[in-house]
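Take a look at the structure below.
All of the numbers you see were taken from the coordinates with simple rules; none came from a lab. Worth saying up front: this structure is predicted, and the values here are computed from it rather than measured. Note: ideal-geometry Cβ built from the backbone for every residue, glycine included; neighbour counts use all protein chains shown.
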Amino acid sequence: MSVSAALHARLTAPIHDRPLRTRRSEDVHSAVSFIGADPAVVELLKMARRVADTSATVLITGESGTGKELVAQIIREESASRAEPFVAVNCGAIPESLQESEFFGHVRGAFTGAVERKVGKLERADGGTIFLDEISEMSKSLQAALLRTLQSGEYSPVGSSETRFCNVRVIAAANRDLVEMVEAGEFRRDLYYRLNIIRLDVPALRERKSDIPLLCDHFLQTLGAKYGNPGLSLSRRTLDTLLAYDYPGNVRELENALRRAVILCGDRVIEPEHLPADMTSDEARNELIEELGDFQAAKANAVEKFERAYITAVLQRCGGIISRAASYSGLSERNFHEKLKRYEINARSFRAAAAARK
């Protein structure tokens with residue numbers, strides 16, 4: 001069987017015949033999963049675990065749809081304050097005139113329409129974690145007030161002279177380049193430095209395409225169960241189409257495309273016609289060919305993608321037990337260990353995930 005045929009056979013088998021997904025976390029108590037085995041994802045989650053149980057402010061950067069809030073939730077879930085509040089705030093969704101009231105609350109009579117006291121997001125998150133998504137959209141006045149709170153824990157509700165204190169771990173996220181915004185005078189330099197103590201960069205999906213089969217497996221399981229259409233698989237043409245696409249909307253776009261396919265698919269196999277039209281356009285289908293380069297480079301790239309995806313799938317099926325995975329794959333344990341080292345795959349995370357499912 002050829003390399004591509006073997007990959008397709010593993011990844012397009014019915015869901016119930018394929019390995020369960022694994023969370024990329026060694027804390028078996030965590031209820032949050034980030035699907036991926038790409039080295040950049042492994043390093044990202046390793047750093048997230050390392051800083052989770054500290055009070056350090058974290059800045060998560062990445063394009064829209066990459067999973068920044070999921071990383072924030074993992075940090076919270078793997079910290080000692082996992083039982084405390086987690087308050088997520090989309091700064092871009094709050095009108096500028098209401099931002100300070102939303103964050104700090106207000107007292108009755110603070111402004112027209114303030115008929116009662118409002119509890120702000122900081123007060124709700126006291127003792128826990130506040131996640132500030134799209135922090136680049138925060139008004140300049142709120143940036144100054146937030147800096148004060150980060151430095152001293154102090155804040156005042158709108159319309160009140162009372163100084164209050166909060167103990168909150170701040171995790172911020174941005175899909176715009178804050179350095180460019182600082183240079184353009186659109187974001188406070190001192191606030192940027194205060195937020196940028198620990199920076200985690202979430203890679204775009206087009207930069208970790210070897211994770212697409214894992215993500216498809218996960219979404220087909222969850223969405224198939226949700227919409228009463230379990231046991232779905234991908235045709236080879238569909239998998240090729242998904243691997244060729246560039247995903248400007250990242251993981252969120254892949255999830256929504258598969259949501260559509262699960263709903264529209266009347267058979268057990270998802271075909272390209274079940275995907276959104278922009279994924280099956282000539283440009284999307286030809287993109288992979290344009291990026292291949294010469295034959296030897298293309299072959300090496302294809303083999304690497306196959307081996308990484310295959311080793312990951314076998315580890316999932318075998319619960320992270322290397323001897324069992326090597327036997328299943330037909331490789332020697334030494335050869336299997338060499339491939340784990342080459343692709344920086346941590347078998348322990350698969351064992352932890354298998355233990356959590358029991």
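Before moving on, here are some points about what is shown:
- Residues of type aspartates and glutamates that residue 299 reaches as a straight line, Cα spacing below 18 Å, ignoring anything fewer than 8 places off in the same chain: 240, 287, 290, 291, 307
- Neighbour counting of Cβ atoms within 10 Å sorts the residues 47, 279, fewest neighbours leading, into 47, 279.
- Ordering of 239-252, 80-93, 202-215 by burial proxy (mean other Cβ atoms within 10 Å per residue, highest first): 202-215, 239-252, 80-93
- Gained length - residue 342 relative to residue 93, 0.36 nm times residue gap less alpha-carbon distance: 85.3 nm
- Fraction of beta bridges assigned by DSSP in the range 39-202 that are antiparallel (%, nearest 5): 15
- Links that overshoot a 24 Å alpha carbon limit, given the list 226/305; 209/339; 305/339; 68/209; 68/118; 46/68: 226/305; 68/118
- Reported to the nearest whole Å, the Cα centre-to-centre distance from the range 40-66 to the range 206-267 is 25.
- The slack in the chain from residue 55 to residue 295, taken as 0.36 nm per residue of separation less the alpha-carbon distance, amounts to 81.4 nm.
- Segment residue 186-residue 117, length gained on full extension (0.36 nm per residue, minus Cα span): 21.7 nm
- Compactness of the range 44-86, taken as the C-alpha radius of gyration over 2.2 N^0.38 Å, stands at 1.12.
- 37 °C / 0.692 mPa s Stokes-Einstein diffusion coefficient of the range 39-202, Kirkwood radius on C-alpha pairs, µm²/s: 202
- Remark: spin-label model distance residue 332-residue 126 equals 6.5 nm, labels positioned 7 Å along the Cα→Cβ axis.
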